[in-house]
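Engineer: Pasting a structure below so you can have a look.
Since every read-out is calculated from the coordinates, none of them should be taken as a lab result. All of these numbers come straight from a predicted model, not from anything done at the bench. Reconstructed Cβ throughout: ideal geometry from the backbone, glycine too, with neighbour counts over all protein chains shown.
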Amino acid sequence: MSALIKRNFLLYFRNRSGVILSLLGALIPFVLYLIFLRNSMKGHWDASSHATEMLDFWLMSGVLAVAGLTTTLSAFARQVEDRERRVTDDLFITDLGQWGLQLSYLISSLIIGFVMQVLMFAFMLTYFMLADKISFDWGLLPQLALLMLANSILASLLNALLVRFFKSVDSLGRFATVMGAASGFLVGTYMPIGVLPDLAQTIMKLTPFTYMASLFRQVLMKGALAEVFAGKNQLRPEFEKLMGIRLDWQGLLTSQETFYIVGVVILAAALIWGGQNLLLNRRVKARV
């Protein structure tokens, strides 16, 4: 299995244009933020010295949620291509078997998604530290790494369920393009969730990655929020609701409640993925 994981990993990074395209959904909101959104979003918070830092971390959080989704989906292109070229038929008869083969694709996607989030975070943090002179609490790295891992697991499992419906790399590529463009909206990086109509907000709240973006924001923006809202904590809940820092379901969710929701989705996706592989394994054995 390790050989297949290494193979999938290397093939992903050797395709440099594919790597860039897989990050397109994350890069679009980053560029839009720099050109259009940041100055318009500052508003009356501009008087605070920490307003820029707060908004930079808000943007970074959404981008990380998107990066996990789009890069893991791109990583599964190897599975679709192997199926299209009937490479999987040869791999099925090895000692690895159906379970091992599917698990290798899943683990490859998980690792790629995590690595790409780390690289994207390093790039954004370096840029904002140089351009905006923001500060970062390095003690947050363990929490941030845990969230990146959870985001990668979530995205890999959900994308593993989706790619079964694609018979060619071309059709998956078209879907990935649409997903990359839509993902920025779904996690609230193009514009804050609170300014959207109720229907749009409901759709976003039904998207698991909106909750991942919320968790990233609660970790990365914690210090800046404390500084900006020092002495005016009564305004903070409304701002957190507006910006999607905490999601509103008959009251603002706590970070623990948000993490529970993500955990339930991961567990459900893992069970469905396992059930699908069990049925597929039985079909393969029946044909043999």
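Engineer: At what distance in angstrom do the alpha carbon centres of region 158-231 and region 122-149 lie from each other?
Structural biologist: Centre-to-centre distance over Cα atoms comes out at 19 Å.
Engineer: For a quick check: sort S2, S183 by the number of other beta carbons within 10 angstrom, fewest at the front. Intermediate results must be reported in sequence, preceding the final value.
Structural biologist: Details: S2 8, S183 25.
Ranking S2, S183 by Cβ neighbours within 10 Å, fewest first, gives S2, S183.
Engineer: Another question, then. What size of dipole, in debye to the nearest 20, comes out for the chain about its Cα centre when the only charges are +1 on Lys and Arg C-beta atoms and -1 on Asp and Glu C-beta atoms? Could you put the intermediate results ahead of the total?
Structural biologist: Details: 25 positive and 18 negative charges, 177 e Å.
My answer is approximately 840 debye.
Engineer: For the pair L130 and L32, what calculated FRET efficiency results from E = 1/(1 + (r/R0)^6), where r is the Cβ-Cβ distance and R0 = 25 Å, to the nearest 0.05?
Structural biologist: Values: r = 20 Å, r/R0 = 0.79.
The formula returns an efficiency of 0.80 here.
Engineer: Another question, if that's okay. Starting with the highest mean, order 246-257, 146-157 by the number of other Cβ atoms within 10 Å, averaged over the residues of each peptide. Don't skip to the answer; put the middle values down first.
Structural biologist: Details: 246-257: 14.0, 146-157: 23.2.
Top of the packing list down: 146-157, 246-257.
Engineer: Work out how much length F175 to A268 would gain on full extension: take 0.36 nm times their residue separation and subtract the Cα-Cα distance, in nm to one decimal. It would help to have the intermediate numbers written out before the result.
Structural biologist: Working: separation 93, 0.36 × 93 = 33.48 nm, distance 2.32 nm.
In short, 31.2 nm is gained.
Engineer: Once every DSSP H run of n ≥ 4 in the chain is given -39500 (n - 2.57) and the sum is divided by its residues, what mean residue ellipticity at 222 nm do you get, rounded to the nearest 500 deg cm²/dmol?
Structural biologist: Numbers: 15 runs with 217 residues, N = 288.
Helix contribution divided over all residues of the chain: -24500 deg cm²/dmol.
Engineer: Taking the Cα centre of each part, how many Å lie between region 19-36 and region 245-271?
Structural biologist: Here the two parts' Cα centres lie 26 Å apart.
Engineer: On the first, second and third principal axes, largest extent first, how far apart are the outermost C-alpha atoms of region 98-249 in Å?
Structural biologist: Here the spans come out as 58, 37, 28 Å, largest first.
Engineer: Can I ask one more? Fewest first, what order do I272, I112 take by the number of other Cβ atoms within 10 Å? Walk me through the numbers on the way to the answer.
Structural biologist: Details: I272 14, I112 25.
Listing I272, I112 from fewest to most nearby Cβ atoms yields I272, I112.
Engineer: A further question follows. Ranked by Cβ crowding within 10 angstrom, fewest neighbours first, how are T202, T52, T189, T177 ordered? Please list the in-between numbers first.
Structural biologist: Values: T202 10, T52 20, T189 28, T177 14.
Taking fewest neighbouring Cβ atoms as first place, the list is T202, T177, T52, T189.
Engineer: Once the Cβ-Cβ distance between L279 and F123 is put in as r, and R0 is 51 Å, what FRET efficiency do you end up with, to the nearest 0.05? Write down the numbers at each step before the final one.
Structural biologist: Details: r = 41 Å, r/R0 = 0.81.
The calculated FRET efficiency here is 0.80.
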